[in-house]
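Peer 1: Here you go, one structure.
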Amino acid sequence: MKSSVKLVILAAALGIAWAGPGTSYAQDALAVITKRQDAMKEQGKSTAAIKAYTEDKADLAAARAAGAQLLASMPTIPSLFPQKTSMADYPGKSYAKPEIWAQWDKFNEGVKSATAAVQTFNALLAAGDKAAITAAFGKLGGEACGVCHTPFRERKT
Ligand code: HEC
């Protein structure tokens, strides 16, 4: 059996889409860009759910669930930004600035401080003092999202 045929069979057995050498790269990149934008949208929804609680439009349990979602998703961020998926590589698709990869340590620092901010906020959610939660929510967007968006994300226009 030719080795390339064996590889296709192996890939099929492992459930990997095999498009042949060289052809799948762009598809993979577009898929990961969509995946991370979806993950970011989830973070947006969670933030909105917490805001709804501060505005008496949702209960504390919903806010706590949203806080847990934010905390769980933060550590997955770096894996959603493989090389060559910047807005320079995929204009009109990706809004990730090339600075992410040029300053990878700084990007990871952003993930860390965003995670820490969400952890602190979740402690407040657990305690359940609405006035304290509402006051802290005012800063959460900057500390957990803006810390990374300001240097590393281009706004969609
Ligand atoms: C460590 C960096 C980082 C953190 C932390 C971060 N983001 Fe993002 N976010 C990005 C980048 C980079 C993009 C652009 C991604 C792209 O277009 O490929 C983005 C895009 C988005 C988008 C647009 C998604 C779309 O539809 O294209 C939303 C909404 C968003 N983020 C919400 C949030 C919220 C809410 C938080 C905080 C709770 C957050 N993000 C925290 C880096 C981050």
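The values are calculated or read from the model by the stated rules, or taken from the named source; none is laboratory data. The structure presented is a predicted model; accordingly, all values stated were derived computationally and were not measured. Side chains included, ligands, DNA and RNA excluded: accessible areas come from the protein's heavy atoms. Shrake-Rupley method; radii C 1.70, N 1.55, O 1.52, S 1.80 Å.
Peer 1: In the structure displayed, which of Lys35/Lys156; Lys57/Lys156; Lys51/Lys130; Lys45/Lys106; Lys45/Lys112; Lys51/Lys93 lie more than 19 Å apart, Cα to Cα? Working shown, then result.
Peer 2: Details: Lys35/Lys156 17 Å; Lys57/Lys156 29 Å; Lys51/Lys130 11 Å; Lys45/Lys106 26 Å; Lys45/Lys112 21 Å; Lys51/Lys93 29 Å.
Listed pairs above 19 Å: Lys57/Lys156; Lys45/Lys106; Lys45/Lys112; Lys51/Lys93.
Peer 1: With θ set to phi - 60° and the Karplus curve 6.51 cos²θ - 1.76 cosθ + 1.60, what are the ³J(HN,Hα) couplings of segment 100-116 in order, to the nearest whole Hz, using x for Gly and Pro?
Peer 2: 3, 7, 5, 10, 4, 4, 5, 4, 5, 4, x, 4, 5, 6, 5, 4, 4
Peer 1: Could you pull out every residue, at least 5 positions away or on a different chain, whose amide H is within less than 5 Å of the one on Arg153? Hs are placed 1.01 Å off N in the peptide plane, and Pro or chain starts have none.
Peer 2: Lys97
Peer 1: Which one, Lys97, Lys112, Lys57, has the greatest fluctuation when you compute a Gaussian network model over the chain with C-alpha springs under 10 angstrom?
Peer 2: Between Lys97, Lys112, Lys57, it is Lys57 that shows the largest mean-square fluctuation.
Peer 1: Could you calculate the contour length gain from Ala102 to Asp59, that is, 0.36 nm times the residue separation minus the distance between their Cα atoms, to one decimal place in nm?
Peer 2: Details: separation 43, 0.36 × 43 = 15.48 nm, distance 4.21 nm.
In short, 11.3 nm is gained.
Peer 1: Then there is this: Using a 1.4 angstrom probe, figure out how much accessible area segment 26-152 has per residue, in square angstrom, rounded to the nearest whole. Please report the intermediate quantities before stating the final value.
Peer 2: Details: 6650 Å² over 127 residues.
Solvent-accessible surface per residue comes out at 52 Å².
Peer 1: Tell me the relative contact order for the chain as a rounded percent, counting alpha carbon contacts under 8 Å between residues six or more apart.
Peer 2: On the way: 133 pairs, mean separation 33.2, N = 157.
Over the chain, the number comes to 21 percent.
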